[in-house]
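*Asks:* Dropping a structure here in structure tokens format, bear with me for questions.
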Amino acid sequence: VQLQASGGGLVQAGDSLRLSCAASGRTFGLKYMGWFRQAPGKEREFVGCITWIGGTTDYADPAKGRFTISRDYVKNMVYLQMNSLKPEDTAVYYCAARMRVGSSSRFDEYDYWGQGTEVTVSS
């Protein structure tokens with residue numbers, strides 16, 4: 001599975017941004033698509049995930065109420081809609097694919113990764 005993330009950029013606090021992730025290759029085995037982020041000097045952290053077939057979502061606390069993950073099953077696309085952005089949301093955002101049954105918030109339990117797209121939120 002190959003993943004290509006896009007949509008990052010420089011925005012102001014309070015703005016919205018939508019990240020996209022295009023999946024290609026052997027997507028028929030996909031179980032979950034996740035979004036993670038890594039801020040400078042910090043560990044990669046879970047943002048949220050979505051089941052590939054059912055579209056059920058799960059979010060980390062910082063994302064709840066502000067971020068929404070969706071997917072287009074036909075187009076093999078996953079999206080991360082981010083609203084009310086804060087400077088602390090500044091990070092490189094990664095999409096990841098998990099081929100195994102059962103959701104996970106651990107980055108080491110995802111099997112494929114995109115290259116990351118940078119989001120900078122200015123105050």
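*Asks:* On the given criteria, is S103 open to solvent by 20 Å² or more (accessible area, probe 1.4 Å), modelled with pLDDT under 95 and not β-branched (V, I, T)?
*Replies:* Spelling it out, S103 is indeed open to solvent by 20 Å² or more (accessible area, probe 1.4 Å), modelled with pLDDT under 95 and not β-branched (V, I, T).
*Asks:* Can you find a residue in segment 25-47 that is out of contact with any helix residue (DSSP H, G or I) (no Cβ under 8 Å at 6 or more places or on another chain), part of a loop (DSSP other than H, G, I, E, B) and open to solvent by less than 20 Å² (accessible area, probe 1.4 Å)?
*Replies:* yes
*Asks:* What tally of residues in segment 106-123 results from selecting those that are farther than 14 Å from Y32 by Cα, in a loop (DSSP other than H, G, I, E, B) and open to solvent by 30 Å² or more (accessible area, probe 1.4 Å)?
*Replies:* The total comes to 2.
*Asks:* Follow-up question, since we're still on this one. Kindly indicate the residue of segment 45-54 that is over 11 Å from S105 (Cβ atoms) and within 14 Å of the chain's Cα centre (by Cα) and also modelled with the lowest pLDDT among those meeting that condition.
*Replies:* The qualifying residue modelled with the lowest pLDDT is W52.
*Asks:* Which pairs do you get when a residue that is more than 14 Å from L3 (Cβ to Cβ), found in segment 105-119, comes within reach of a residue that is open to solvent by 20 Å² or more (accessible area, probe 1.4 Å), reach meaning Cβ atoms under 6 angstrom, with the pair 6+ apart or on two chains?
*Replies:* If the second residue must be open to solvent by 20 Å² or more (accessible area, probe 1.4 Å), the pairs left are S105/F46; E118/G8; E118/V92; V119/G8.
*Asks:* If you don't mind, there's one more thing I want to ask. Sort out which residues of segment 1-12 are among the hydrophobic types (A, V, I, L, M, F, W, C) and either in contact with a helix residue (DSSP H, G or I) (Cβ under 6 Å, 6 or more places away or on another chain) or open to solvent by less than 40 Å² (accessible area, probe 1.4 Å) (or both), and write them in order of number.
*Replies:* V1, L3, A5, V11, listed by residue number.
*Asks:* What pairs come up if the first residue lies in segment 49-69 and is more than 17 Å from A22 (Cα to Cα), the second is modelled with pLDDT of 95 or more and of a type in the set (V, I, T), and their beta carbons are under 6 Å apart, counting only those six or more places apart or on different chains?
*Replies:* Cβ pairs passing all conditions: T57/I50; T57/I69; A60/V47; A63/V47.
*Asks:* Quick one: T68 ticks every box in (1) within 11 Å of the chain's Cα centre (by Cα); (2) hydroxyl-bearing (S, T, Y); (3) within 19 Å of V1 (Cβ to Cβ) except a single one, so which number is it?
*Replies:* That leaves (3) as the condition not met.
The values are calculated or read from the model by the stated rules, or taken from the named source; none is laboratory data. Computed from a predicted structure; not experimentally measured. Please note: Cβ atoms are built from the backbone with ideal geometry, for glycine as well, and neighbour counts cover all protein chains shown. In case anyone asks, the SASA skips ligands and DNA or RNA and just uses the protein heavy atoms, side chains included. Shrake-Rupley method; radii C 1.70, N 1.55, O 1.52, S 1.80 Å.
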